[in-house]
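First the structure, in the form of structure tokens, and then the observations on it.
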Amino acid sequence: MSIPKENQLSSAAQDFIDENRLSKLLVSRPVDNGRLEEVVQKSLDKHPLTVEETAVLLQADKPQQVERIFEGARTLKRNVYGNRIVIFAPLYIGSKCINDCLYCAFRRSNPDAVRRTLSSEELKVQVEALEDRGHKRLILVFGEHPDYDAHFIADTVRTVYETKKGHGMIRRVNINAAPLDVAGYKVVKEAGIGTYQIFHETYHHATYAEYHPLNTRKADYLYRLDGLNRAMEGGIDDVGIGSLFGLYDWRFEVLGLVSHALHLQKHYGVGPHTISFPRLRPASRFKLNERYLVGDHDFKRIIAILRLAVPYTGLILTARERPELRREVMAFGVSQIDAGSRIELGGYTEAGDTQVLEREQFSLSDIRPLDEVMNELLRDGYIPSFCTACYRLGRTGEHFMEFAIPGFIKKYCTPNALTTLMEYLVDYGSPETRKEGAQLIERELAKMKDGQLKQKLMERLESIRTSDKRDLYF
């Protein structure tokens with residue numbers, strides 16, 4: 001496939017990653033504790049940080065300074081998001097790919113990769129299997145291939161929404177797929193998608209070229225960097241960015257993500273809805289280069305620094321990570337996780353307890369069932385949430401920020417999280433999880449002030465518990 005031409009770029013297309021500037025900000029220098037405190041306090045006042053201020057957090061590497069950053073991230077997480085954790089699942093639609101990304105099992109040069117695209121009937125079977133487990137939110141993942149164009153993506157989304165079983169229904173479908181042109185995004189938008197997610201993988205130009213060989217579509221750095229600009233201009237104001245940590249210096253990638261968020265905010269009035277920060281994992285016929293691999297300590301720093309740098313952006317922690325690490329870093333600022341995940345094509349009905357790298361894009365470290373993850377979250381005091389109210393009421397993009405900035409997230413999202421939790425407990429929860437969930441709901445209700453909102457919430461919870469009424473939200 002030919003490399004896209006300039007006229008296919010957005011009106012705001014530019015390579016805003018100034019490597020010299022970012023690299024100079026990362027030159028090792030001591031950080032004054034007073035300056036660190038100024039930056040942390042700005043974030044706690046719910047103001048996004050500049051690239052220079054983010055660099056201060058990256059440079060602050062003394063143990064007590066790192067602990068101050070962790071403490072600030074925990075506080076900000078509680079103040080903005082409360083104790084909610086949004087739950088979703090990935091659903092892989094097709095593994096055909098024209099790209100040759102060296103770290104990915106789907107790359108076109110991998111002779112062991114199993115090439116498959118779910119048929120409409122196979123798709124319905126996977127969706128029903130996810131609904132049987134209690135899922136309400138999915139992200140559909142597509143290889144980058146001409147067969148997976150905007151119309152195919154839109155048709156897939158409609159099929160997912162139309163597939164219902166019992167009380168089960170998917171209420172929000174997000175997308176991880178190839179960048180489209182503006183017209184393509186409009187087609188996908190009409191299908192009712194939520195977030196359109198594009199990972200830039202690495203913001204370092206030479207490293208990007210190394211891992212994405214020429215003569216492939218993805219090799220065009222600017223076209224991919226501009227992908228979410230075009231999404232915005234195509235009417236999709238809910239977008240997600242991400243970087244694959246382990247390809248280059250993690251500190252540079254953090255500054256790249258913050259630069260990307262600030263670029264979107266500057267040109268479109270709203271930054272990304274989510275940021276993802278997956279670590280490089282083994283894949284079929286890929287040998288890990290250990291030079292830039294990120295250890296657990298620095299991974300925790302990544303999460304905490306991103307939480308402080310972009311206060312109102314959701315942070316996604318994936319099942320690439322071990323269960324015990326996911327549990328530990330939840331408090332640092334993570335707001336969304338996947339659970340009960342399988343990333344094989346057809347994996348929700350065909351997979352066993354082991355993994356086969358030839359059928360996966362990469363390997364996972366947490367393949368526990370959804371109910372087990374739910375139970376752990378409840379025991380740790382979190383509210384697992386399947387809420388989709390904001391998106392369906394138009395509270396996205398700038399409108400979402402209008403609700404988020406004054407603190408309405410906790411006012412609306414906690415009640416909505418509790419109603420979706422009650423749905424899960426009644427329809428899908430194990431006896432142990434139902435017990436833990438009932439106790440948590442009682443504790444949350446006890447924290448709420450008496451009034452009309454609490455009364456309506458209690459009525460809706462009781463209605464879900466005793467009748468077939470579902471999908472009740474504020």
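The values are calculated or read from the model by the stated rules, or taken from the named source; none is laboratory data. For clarity, every value in this text was computed on a predicted model and none was experimentally measured. Heads up, the Cβs are rebuilt from the backbone with ideal geometry, glycines too, and the neighbour counts pull from every protein chain shown.
So, in the stretch 61-88, exactly how many residues are of a type in the set (D, E, K, R) and in a helix (DSSP H, G or I)? Qualifying residue count, the stretch 61-88: 6.
Leu308 meets all of the listed conditions (1) crowded, with 20+ Cβ neighbours inside 10 Å; (2) at pLDDT below 95; (3) of a type outside the set (Phe, Trp, Tyr) but one, namely (2).
The single residue among Tyr223, Tyr211 that is under 21 Å from Ser259 (Cβ atoms), over 19 Å from the mean Cα position of the chain (by Cα) and at pLDDT below 95 turns out to be Tyr211. Quick check on the stretch 53-64: of everything there that is buried (at least 18 other Cβ atoms within 10 Å of the Cβ) and among the polar types (S, T, N, Q), which residue is farthest from Met330 (Cα to Cα)? That would be Gln59. Filtering Tyr81, Tyr103, Tyr92 for residues that are of a type in the set (Phe, Trp, Tyr) and closer than 16 Å to Glu350 by Cα leaves a single hit, Tyr92. Scanning the stretch 230-259 for residues that are basic (Lys, Arg) and closer than 30 Å to Ala154 by Cα yields a single hit, Arg230. So is Lys24 farther than 21 Å from Leu308 by Cα and part of a helix (DSSP H, G or I) or not? Taking the combined requirement at face value, the residue satisfies it.
Taking (1) surrounded by fewer than 17 Cβ atoms within 10 Å (Cβ to Cβ); (2) over 22 Å from the mean Cα position of the chain (by Cα); (3) without any contact (Cβ under 8 Å) to a residue 12 or more places away in the chain in turn, Arg78 satisfies each apart from (2). Contact map, the stretch 19-39: residues that are over 14 Å from Gln64 (Cβ atoms) paired with residues that are modelled with pLDDT of 95 or more and of a type in the set (Phe, Trp, Tyr), Cβ distance under 9 Å, separation 6+ or inter-chain. Pairs shown: Glu19/Tyr203; Glu19/Phe252; Leu22/Tyr203; Leu22/Phe252; Ser23/Phe252; Leu26/Phe252.
Residue pairs whose Cβ atoms lie under 6 Å apart, separated by 6 or more positions or on different chains, with the first residue in the stretch 447-467 and under 12 Å from Pro415 (Cβ atoms) and the second in a helix (DSSP H, G or I), are Met448/Lys454; Leu457/Pro415; Arg460/Thr419; Leu461/Met422. Among the residues in the stretch 25-37, are any within 30 Å of Asp380 (Cα to Cα) and either crowded, with 18+ Cβ neighbours inside 10 Å or not small (Gly, Ala, Ser) (or both)? Within the stretch 25-37 (the criterion being within 30 Å of Asp380 (Cα to Cα) and either crowded, with 18+ Cβ neighbours inside 10 Å or not small (Gly, Ala, Ser) (or both)), the answer is yes, since at least one residue qualifies.
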